[in-house]
């Protein structure tokens, strides 16, 4: 189950549409948090298991960093940006329902120190582009459900 205004995208996020992940850069710390967006959660169904690689791992965009097992499928998580992993959300590993209950707050997955933020973030969607993508994805998912 997805909560927290599921179809509303927080304005401060960038999105990787293929991976259905969000990225939030903290300008004060220079760190970026990554999580699974509500569209991805709806496509997966209830997440029952999360495994994340340990901290201090260097990632490149597209590098695997974990696995999700959900009602509809198992999925490998691929990094939307590159950098050094400085934190994994152990709370999500212990309680995967946090992903659906608070996908944009307590349900984050990793925190990175980005290596090439300007380059990596240019491949992500934000603002009206992200909103248009999300509307189209929600419409597609709604159609699949009523199909």
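Rank the residues 28, 120 as a footprinting-exposure proxy: fewest other Cβ atoms within 10 Å of their Cβ go first.
On the way: 28 6, 120 22.
Ascending Cβ contact count within 10 Å gives the list 28, 120.
If you average 1/r over all unlike Cα pairs in the chain and invert the result, what Kirkwood radius do you get in angstrom?
Computed over Cα pairs of the chain, the Kirkwood hydrodynamic radius comes out at 15.2 Å.
Hey, fewest Cβ within 10 Å first, where do 49, 65 land in order? Don't skip to the end; give the middle numbers.
Numbers: 49 11, 65 20.
Neighbour counts put them in this order, fewest first: 49, 65.
Given an 8 Å cut-off on Cα distances and at least 6 residues of separation, report the relative contact order of the chain as a percent.
Contact order relative to length: 28 percent.
All of the numbers you see were taken from the coordinates with simple rules; none came from a lab. On a predicted model such as this, the values are computed, not experimentally measured, just so you know. When we count neighbours, we look across all protein chains shown, and the Cβ atoms used for this are built from the backbone with ideal geometry, even at glycine.
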